[in-house]
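Some notes on the structure that comes next.
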Amino acid sequence: KYKELIKVIDTERAFVPRPPRRMDRLFVYTNAHDTTVYGVETSLEWAATDWLRWQVNGNWHRMTEAPPAADLLLQMASDPSKSFGTRARIDLPYHTELDLSWRYVGSLSTYAIPSYSSFDLRAGWHVWDNLEVSLTVNNAFDDDHIEFYDETGGAMGARLVRSFFGRFVWHLGR
């Protein structure tokens, strides 16, 4: 049970004249909101072989809130009530590896943000002991999704799109 969780009691805008000129939004927080949370979180990792590792995880929770004050700007029900995921790491021949990751995140009905699934893929090659090259694809099967809600009222939240990136890691002194 949580007592006196955060709420916004005041907001104001402040002009910053020095470069870059901008308008900042300042928030004053106080502890004033009560809620009770029930839930389960679990994670299981299994090294099936010396070349395959597998992990599953999930959580479920339920929040019961006291009726918020009329001036409560920060909404507390901003976490999805469930999320699940699995991940596999496979060591392949010729100093290569493959990482597969899938996750499901439940909806945020308070903000009309739908649930989503995301699949990520990473392929890596250890060229030498001190040099690794990898390519990662995030959100491989979905064009985009909204990841969260900005509780301060600024924006809808982060919209994640499919992305690709390469990485070179060179370890000095090996």
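Could you please state how large a percent of the accessible area of region 100-142 is carbon and sulfur, counting protein chains only and using a 1.4 Å probe? Write down the numbers at each step before the final one.
Numbers: 1450 of 2270 Å².
So the carbon and sulfur contribution to the accessible surface is 64 percent.
For region 88-148, what does the alpha-carbon gyration tensor say about shape, rounded, prolate or oblate, given a ≥ b ≥ c as the root eigenvalues, a/c under 1.5 as rounded, and a/b over b/c as prolate? Verdict is prolate for region 88-148.
The values are calculated or read from the model by the stated rules, or taken from the named source; none is laboratory data. This one's a predicted model, so the numbers in the text were calculated from it and none came from an experiment. When the accessible area is computed, the model is the full protein with side chains, heavy atoms only, and any ligands, DNA or RNA have been set aside. Shrake-Rupley method; radii C 1.70, N 1.55, O 1.52, S 1.80 Å.
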